[in-house]
Amino acid sequence: MATTPNVIKRVLLGRALRSTQLHEQLLPKSIALPVFASDPLSSVAYAPEQIFLTLSVAGLSAYAYAPWLALVISLVLMTVVTSYRQNVRAYTSGGGDFEVATTNLGNNAGLTVASALLVDYVLTVAVSVSSGVANVASAFPTLAPHRVILSVLIVVLLTIVNLRGVRESGTAFAIPTYAFIAGILGMVAVGVVRALAGSSMEAPSAHFHIRAEQGHLAGLGLAFLLLRAYSSGSAALTGVEAISNGVPAFRPPKGKNAATTLLMMGLIAISMIAGIVLLANITHLRMAEKTADLVGAPPGYTQQTVIAQISHAVFSGFPPGFYYVASVTGLILVLAANTAFNGFPVLGSILAQNRYLPRQLHTRGDRLAFSNGIIILATMAGLLIYAFDADVTRLLNLYIIGVFVSFTVSQTGMVRHWNRKLETEIVQKERRRMMRSRAINAVGATVTGLVLIVVLSTRFMHGAYIVCIAMPVLFLLMKAIRRHYDRVTVELEPTFEDTVTPARNHAVVLVSQLHRPTLRALAFARATQPSTLEAITVAVDPEETRKLQEEWDERALPVPLKILDSPYREVTRPVLEYVKNIQRRSPRDVVTVYLPEYVVGRWWEHLLHNQSALRLKGRLLFQPGVMVTSVPWQLASSDRLKNRPEPLAPGSARRSYGPNQKAGEDDRPIADEVT
């Protein structure tokens, strides 16, 4: 009979899938686009807004630079997209930036990229969810005090959806993502048509003026402001790398389909960014970092988002259009976190396969998702949301550092990749193609490197230093994990001595009282036919020890009973000393200790039984040449659990296998995974 936890698990996650059903979870381009591109597409809801907020420091006149900044960001985005199209064609295993950097620049470069991406994936979830909740709270102010709880609950919901599997999460997120694309592009189209027709469109803030904090910026001051605005708007580039990490989730031909999806994502994102900035100027939108700087705003005025103000102006005579855009924008900001939920577990699995993270991250759960990675991502994002009080502005200061680190290192690695290919390629047509690809990646590396410098210089003191600390810490942690696995591998390498059979086997049965579990342990020990066999008990209570000896003699058991003195009423120490003495007398022999243990059916029964046996077992396991054998005795309460399904943590006892590996095949021993 299924237990209550298992029933709940099946209701939330669905039935378990066989490993052979992995191909059924592969995504067509129509589903892959919303799964992997929801983050960069949704960033158009706050990236243009950040440009206007930053420029407002210099007053309304600085808004004239917004279209040019949007143009530069669009060009950089298309450069990155074009560069990554080379990546996904050349590397289809799902390693993404980590694989590119490791293969072409070495392990340290790969770990630098991995640490950057892991940090940025966590920030993606925190920023996207917090931003979505902030948009909802702006429409329903009563929710504002509960934004942290709401954000954490949404992370939990996203976790459950993703634990159900890639295909199901993709289907669930496809409709909202396409609804958002239709809403924004539809709003842009209607706005442009109305503008061309001469129709008047004004944002709610159109008649406000902005009180400039720095009204006469010029020279280096103006340049720094523009760089800061550019770095804020560069949030539109986040999420591009997720497709390169998720190539294995595409249907064949994987590389080609991933490249096509990248192109579609880039074109849609650029269209939306350009359209929003254009309409912001047409509708005379006004925004300021502080509401008090909006001259002419009525008392108690709450500043609306860029999307809300533009949709209000465009759909001034059609309220359903305004509410539609507002609702799908809030929804997509929350669902944008799904990009990280697809990228983080895959990257974690690859790192675990390369022994830079615990092996458990390389296993698939019931629904063939990398469940452990999903849960870790959700936990870290939830903690970040709690620590920063779901404040989008503070979280954004930490954002995009990791992305541009991975962009720059990855594109540099691709240049090295094409250089190596050109050394051996003699066909002129292929050489021209490779040289063209190398040029694209070189431009990408240069552009993203410059953006990284700008972002670091403008955001470091505003919170980016936290990411600059977290990345090296994660880098060193992964190096330490790899050193541990390498050390264990060397330690476990078989030698000639490991094949030598022990000279003798000394069996020792621990006895506390003479009952059925003890008799079973004695029978089992005798069945193994050891060289010597004896039972030992510790004389904690002289009266009980005397009764045990009398009953032992009365039953005429064929195993001698040895009584160990314990003047201080200890149990563990006398047994350890006795076993050590056997080992010292015969170093080439093995000692097998048999421990009778109860198998119980209720959690609280564990507190009442087996405590001494567990402590003793924990000490004996550290003694070389000593084998510990548990002899179970099933109490009646354990009958209720006999027919229950095996209680597995997500992916805890499974191994993942690649596309060219059959189910059940694996090149590692189970012990390697447990280690």
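How large, in percent, is the carbon and sulfur part of the accessible surface of the chain at a probe radius of 1.4 Å?
61 percent
Alpha carbon centre of the range 279-305 versus the range 437-488: separation in Å?
Each part's Cα centre sits 37 Å from the other's.
From Cα pairs below 8 angstrom and at least 6 apart in sequence, can you work out the relative contact order of the chain, rounded to a whole percent?
Working: 1040 pairs, mean separation 140.4, N = 675.
Reported relative contact order: 21 percent.
Nearest 10 degrees is fine. How inclined is helix 401-424 to the longest principal axis of the chain, computing both from alpha carbons?
90 degrees
In a solvent-free Debye calculation with one equal scatterer on each Cα, what is log10 I(q)/I(0) for the range 286-410 at q = 0.16, 0.20 Å⁻¹, listed in the order of the q values?
-1.00, -1.24
Under the rule a/c < 1.5 gives rounded, and otherwise a/b versus b/c splits prolate from oblate, where does the range 568-617 land using the Cα gyration tensor?
oblate
If you line up the Cα atoms of the range 194-296 on their principal axes, what length do they span on each, largest first, in Å?
Over the range 194-296, Cα extents along the principal axes are 58, 41, 24 Å.
With r defined as the distance between the Cβ atoms of Leu383 and Tyr178 and R0 fixed at 30 Å, what FRET efficiency is calculated, to the nearest 0.05? Could the numbers behind the result be given before it?
Numbers: r = 32 Å, r/R0 = 1.07.
In this case the efficiency is close to 0.40.
Give the shape of the range 263-316 as rounded, prolate or oblate, defined through the alpha-carbon gyration tensor: a ≥ b ≥ c are the square roots of its eigenvalues, a/c under 1.5 means rounded, and otherwise the shape is prolate if a/b is larger than b/c and oblate if not. Intermediate values should be presented prior to the final figure.
Working: a/c = 2.93, a/b = 2.28, b/c = 1.28.
Prolate shape, in that a/c is at least 1.5 and a/b is the bigger ratio.
Once you mark the trypsin sites (Lys or Arg not before Pro) that are in a DSSP loop and have at most 10 other Cβ atoms within 10 Å, what is the longest gap between them in the chain?
Free of exposed loop sites, the longest segment is 19-568.
Looking at the range 509-557, which GluC sites (Glu not before Pro) are in a loop (DSSP not H, G, I, E or B) and have at most 10 other Cβ atoms within 10 Å?
Counting only loop positions with at most 10 other Cβ atoms within 10 Å, none of the GluC sites (Glu not before Pro) in the range 509-557 qualifies.
Given the pairs Lys562/Lys617; Lys256/Lys479; Lys256/Lys421, which are separated by over 23 angstrom at their Cα positions?
Details: Lys562/Lys617 20 Å; Lys256/Lys479 34 Å; Lys256/Lys421 20 Å.
As for pairs spanning more than 23 Å Cα to Cα, those are Lys256/Lys479.
Hey, can you grab everything whose amide H is under 5 Å from the amide H of Ile210? Only 5+ residues off in sequence or another chain; H modelled, so Pro and N-termini drop out.
Residues meeting the criterion, in which the H sits 1.01 Å from N, are Leu60, Val295.
Pairwise over distinct Cα atoms, reciprocal of the mean inverse distance: report the Kirkwood radius of the range 65-110 in Å, one decimal place. List each step's numbers first, then the result.
Values: mean 1/r = 0.0825 Å⁻¹.
So the Kirkwood estimate lands at 12.1 Å.
For the pair Gln611 and Arg89, what calculated FRET efficiency results from E = 1/(1 + (r/R0)^6), where r is the Cβ-Cβ distance and R0 = 60 Å, to the nearest 0.05?
0.50
Roughly how compact is the range 497-572, stated as its Cα Rg over 2.2 N^0.38 Å to two decimals?
Compactness ratio reported: 1.26.
With each label point set 7 Å from Cα along the Cα-Cβ vector, what nm distance links Leu153 and Gln513?
Distance between the two pseudo-spin positions: 5.2 nm.
So how tilted is helix 338-353 from the main axis of the chain? Cα-based, degrees 0 to 90, rounded to 10.
40 degrees
Classify the range 353-510: rounded, prolate or oblate, from the alpha-carbon gyration tensor (a ≥ b ≥ c, eigenvalue square roots; a/c under 1.5 rounded; otherwise prolate if a/b is larger than b/c)?
Numbers: a/c = 2.76, a/b = 1.36, b/c = 2.02.
Oblate, since a/c reaches 1.5 and b/c is not below a/b.
Using only alpha carbon positions, build the gyration tensor of the range 361-423, then give the equivalent ellipsoid semi-axes as the square roots of 5 times its eigenvalues, largest first, whole angstrom.
32, 23, 6
State in Å² the accessible area per residue of the range 569-636; use a 1.4 Å probe, count heavy atoms of protein chains only, and round to the nearest integer.
For the range 569-636, the solvent-accessible area averages 60 Å² per residue.
Residue by residue, what Karplus-based ³J(HN,Hα) values in Hz, rounded to whole numbers, does the range 556-572 have, using 6.51, -1.76 and 1.60 with θ = phi - 60° and x for Gly and Pro?
Going residue by residue, I get 6, 5, x, 10, x, 9, 10, 9, 9, 6, 8, x, 9, 6, 7, 10, 5 Hz, with x marking Gly and Pro.
Taking every pair of alpha-carbon atoms in the range 23-116, give the share separated by more than 21 Å as a whole percent.
Tail of the P(r) past 21 Å holds 54 percent of the pairs.
What fraction of the Cα pairs in the chain, stated in percent, has a spacing above 32 angstrom?
On the way: 136020 of 227475 pairs.
The share of Cα pairs beyond 32 Å in the chain comes to 60 percent.
Quick one: Debye curve from the alpha-carbon atoms of the range 397-468 only, equal weights, vacuum; give me log10 I(q)/I(0) at q = 0.15, 0.20 Å⁻¹ to two decimals.
-0.56, -0.76
Once each part is reduced to its C-alpha centroid, what is the distance from the range 508-575 to the range 55-93 in angstrom?
Their Cα centres are 77 Å away from one another.
I'd like to check one number: the per residue accessible area of the range 215-311, probe 1.4 Å, reported in Å² as a whole number.
Value for the range 215-311: 36 Å² per residue.
Tell me the mean residue ellipticity at 222 nm calculated for the chain from its helices only (DSSP H runs of n ≥ 4, each -39500 (n - 2.57), averaged over every residue, nearest 500).
The helix-only estimate for the chain comes to -20000 deg cm²/dmol at 222 nm.
Whole number please: convex hull volume per residue of the Cα set in the range 448-507, in Å³?
In the range 448-507, the Cα hull volume divided by residue count equals 126 Å³.
What is the gain in length, in nm to one decimal, between His209 and Ser531 on full extension, counting 0.36 nm per residue of separation less the C-alpha to C-alpha distance?
Taking 0.36 nm per residue and subtracting the Cα distance, the gain is 106.3 nm.
Restricting attention to the alpha-carbon atoms of the range 388-431, what are Rg (one decimal) and Dmax (integer), both in Å?
When restricted to Cα atoms, the range 388-431 yields Rg and Dmax of 19.1, 59 Å.
For the range 253-267, just list the computed ³J(HN,Hα) in residue order, Karplus coefficients 6.51, -1.76 and 1.60, θ = phi - 60°, integers in Hz, with x standing in for Gly and Pro.
Going residue by residue, I get x, 4, x, 5, 5, 5, 5, 5, 4, 4, 5, 4, 4, x, 5 Hz, with x marking Gly and Pro.
The values are calculated or read from the model by the stated rules, or taken from the named source; none is laboratory data. As the structure is a computational prediction, the values presented were derived from the model and not from experiment. With ideal geometry, Cβ positions are generated from the backbone for all residues, glycine too; neighbour counts draw on all protein chains shown. Accessible surface is based on the protein model in full, side chains and every heavy atom, while ligands, DNA and RNA are left aside. Shrake-Rupley method; radii C 1.70, N 1.55, O 1.52, S 1.80 Å.
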